[in-house]
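Have a look at the structure below, then the notes.
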Amino acid sequence: MLIDSHCHIDFYTPDKQLEIIQNAKSEGVNYMLNAGSSRSSFDNILGIVAKYENVFGAIGQHPDEAETNGIISQEDLLQYISKNKKIIAIGETGLDYSKEGYNKDIQIENFLNHINVSVKTDLPIIIHNRDSNSDMCDILKSEMKRHKFKAIIHCFTGDSKMAGEMLELGFYISASGIITFKNAFDLRETFKTIPNDRLLVETDSPYLAPVPYRGRENQPAFVVQVAKQLSEIKEMDFSEIANITSNNFKQLFDLNI
């Protein structure tokens, strides 16, 4: 069994969603977590998790969305989270300094709202981090001193120093299709150092399709390729990596599946 710990099924048209989920099951991807990214996605995600037994959901606002459409309040997040017990995480949220003219203050305030909701609900937070390592580490360390919370660093692309700091905070680190890219040598070396009990796999579909599907629309079924690459990195059997990452997911979210 495999679990795609981060995908965006809500980005597909309704008629395509069933096909995507069936494709995943046919490849042994039994469960998936549909991460939220904007307020406009929340109702769609709630409908998907209600309709499909093997899809869980997360509610959260991407930093770009916070800049475009305004910071989401803790009250709004809590309201949507309470609507279905299959909402098992907060996010995705975080910091993204990759675009010119980004507004750091808005992003940080939005991120802190999500961390506070994670603390209040005891649900793990799914963290997006792009070109913001210094601020990200400072915020997470500071907040962890104030109150404990659980987190996933999704689509991890940092170096071994960043990985070590996140591991010290007790966080999980998720591998995406990027680890299969030809030029991702350093990232593969970093994943060698990450303990097995902190590893997750994801697609971030419909983005970041792994080799040999690079350039195509990604889908949860392709997490098999991510797990295969991770098994080579860790010099383990594919079945071991599949079991380890699935068990990590179940433990993090306290799921009996």
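The values are calculated or read from the model by the stated rules, or taken from the named source; none is laboratory data. A quick note: this is a predicted structure, and the numbers were derived from the prediction, not measured. Cβ coordinates were reconstructed from backbone atoms using ideal geometry, including for glycine residues, and neighbour counts include every protein chain displayed.
Odds and ends about this structure:
- Taken over the stretch 219-234, the residue count meeting the criterion of being more than 19 Å from M1 (Cα to Cα) and polar (S, T, N, Q) is 0.
- Once the stretch 211-254 is narrowed to residues that are within 18 Å of the chain's Cα centre (by Cα) and small (G, A, S), the residue that is nearest to T190 (Cα to Cα) is A227.
- Q22 vs. criteria free of Cβ contacts under 8 Å to residues at least 12 places away in the same chain, loosely packed, with under 14 Cβ neighbours inside 10 Å, closer than 24 Å to V223 by Cβ and not hydroxyl-bearing (S, T, Y): yes
- Within the stretch 53-64, considering residues that are without any contact (Cβ under 8 Å) to a residue 40 or more places away in the chain and more than 24 Å from D105 (Cα to Cα), the one surrounded by the fewest Cβ atoms within 10 Å (Cβ to Cβ): E53
- Flag for Y172 being surrounded by 15 or more Cβ atoms within 10 Å (Cβ to Cβ), within 16 Å of the chain's Cα centre (by Cα), closer than 26 Å to N54 by Cβ and hydroxyl-bearing (S, T, Y): yes
- Filtered residues of the stretch 33-57 (kept if of a type in the set (A, V, I, L, M), out of contact with any Ser or Thr (no Cβ under 8 Å at 6 or more places or on another chain) and closer than 15 Å to S205 by Cα): A35, I45, V55
- Candidates D4, D15, D43, filtered to the one that is surrounded by fewer than 21 Cβ atoms within 10 Å (Cβ to Cβ) and at pLDDT 95 or above: D43
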